[in-house]
Amino acid sequence: MLSVAVSMAPAVRSDEMADRRMEAGARLFRALLAADLELPKKTLPGNQLLIVFYFASDARRAADLARAFTAAGDVRGLPVAAEVTSDVTFAKYGTRVPAAIFISEATPRTVLQSIVHFGIDHRVIVYSPFEGDVENGVLGGLSIEAQVRPFLNRSTLESSHITLKTFFLQVAKVYQ
């Protein structure tokens, strides 16, 4: 029994680290969204921000994150609506373009590239708390070094034509 418990310890620590990274990422995601100078223009009818939580297989985690995000309240005075999807094409969002997409689980690079291109084409903030995703084109994420801080992909930010508050850019780590 002891050997089973010992063999499970790395998996438990890995899950705990992923959960902590997700929680910290969700807080920074809200701050990144609030830093978007064009945010009021990204509302749906009814002046509501649509935030989509993308998942590949874990719908429960995405739904929990979406509920927690909406429960935290408005972003810059704008009410928030959250939805979850596993559709990498975001087909149902052609006329209801979200203000942002949160990637709620590690995603293969080809899928990630599809999501990044959707974000660029529609001026949507794409955020992932997972290591390596910003370097692979995701607009925003988090950097865990001596402190946790926002992590941005400059090329994707510029391609998306998203303008962020100067202060947010000053505190963020920027990937060239």
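The values are calculated or read from the model by the stated rules, or taken from the named source; none is laboratory data. What you see is a predicted model, and the numbers here were worked out from it, not measured in a lab. Virtual Cβ from ideal backbone geometry, glycine too; neighbours counted across all protein chains shown.
Quick check on my filter: what residues within the range 91-108 are aromatic (Phe, Trp, Tyr) and more than 15 Å from the chain's Cα centre (by Cα)?
93
For the range 64-78, give me each residue that is out of contact with any helix residue (DSSP H, G or I) (no Cβ under 6 Å at 6 or more places or on another chain) and either in a loop (DSSP other than H, G, I, E, B) or without any contact (Cβ under 8 Å) to a residue 40 or more places away in the chain (or both).
64, 66, 67, 70, 71, 72, 73, 74, 77, 78
Consider residue 161 against the criteria (1) within 26 Å of residue 110 (Cβ to Cβ); (2) surrounded by 14 or more Cβ atoms within 10 Å (Cβ to Cβ): it satisfies all of them except one. Which criterion is unmet?
(2)
Considering the range 28-63 alone, what residues qualify as being of a type in the set (D, E, K, R), touching a strand residue (DSSP E or B) at 6+ places or on another chain (Cβ under 9 Å) and assigned to a helix (DSSP H, G or I)?
First pass over the range 28-63, keeping only residues of a type in the set (D, E, K, R): 30, 36, 38, 41-42, 58, 60-61.
Keeping just the survivors that are touching a strand residue (DSSP E or B) at 6+ places or on another chain (Cβ under 9 Å) gives 30, 36, 42, 61.
Within the range 28-63, 30, 42, 61 meet the criteria.
So, in the range 31-57, exactly how many residues are surrounded by 14 or more Cβ atoms within 10 Å (Cβ to Cβ) and closer than 28 Å to residue 106 by Cβ?
The number of residues fulfilling the criteria is 16.
With the structure loaded, tell me whether residue 51 is more than 22 Å from residue 176 (Cα to Cα), within 14 Å of the chain's Cα centre (by Cα) and in contact (Cβ under 8 Å) with a residue 12 or more places away in the chain or whether it fails that test. Can you show your working first?
Working: more than 22 Å from residue 176 (Cα to Cα): yes; within 14 Å of the chain's Cα centre (by Cα): yes; in contact (Cβ under 8 Å) with a residue 12 or more places away in the chain: yes.
When the stated conditions are applied, residue 51 passes them.
Here is a check on your reading of the model: is residue 155 closer than 21 Å to residue 69 by Cα and surrounded by fewer than 20 Cβ atoms within 10 Å (Cβ to Cβ)? Explain how you work it out, then say what you get.
Values: closer than 21 Å to residue 69 by Cα: no; surrounded by fewer than 20 Cβ atoms within 10 Å (Cβ to Cβ): yes.
Against the criterion (closer than 21 Å to residue 69 by Cα and surrounded by fewer than 20 Cβ atoms within 10 Å (Cβ to Cβ)), residue 155 does not qualify.
Going by the structure shown, is residue 100 farther than 27 Å from residue 174 by Cα, at pLDDT 95 or above and either touching a strand residue (DSSP E or B) at 6+ places or on another chain (Cβ under 7 Å) or among the charged types (D, E, K, R) (or both)?
Against the criterion (farther than 27 Å from residue 174 by Cα, at pLDDT 95 or above and either touching a strand residue (DSSP E or B) at 6+ places or on another chain (Cβ under 7 Å) or among the charged types (D, E, K, R) (or both)), residue 100 does not qualify.
Can you list the strands (runs of 3 or more DSSP E) lying wholly within the range 79-163 that have 2 or more residues being without any contact (Cβ under 8 Å) to a residue 60 or more places away in the chain?
Numbers: elements: 80-85, 100-103, 125-127, 140-144, 148-153.
The qualifying strands (runs of 3 or more DSSP E) are 80-85, 100-103, 148-153.
Kindly indicate which of 67, 123 is closer than 14 Å to residue 51 by Cβ, modelled with pLDDT of 95 or more, out of contact with any strand residue (DSSP E or B) (no Cβ under 7 Å at 6 or more places or on another chain) and not aromatic (Phe, Trp, Tyr). It would help to see each step written out before you state the result.
On the way: 123 fails: closer than 14 Å to residue 51 by Cβ.
Of the residues listed, the single one that is closer than 14 Å to residue 51 by Cβ, modelled with pLDDT of 95 or more, out of contact with any strand residue (DSSP E or B) (no Cβ under 7 Å at 6 or more places or on another chain) and not aromatic (Phe, Trp, Tyr) is 67.
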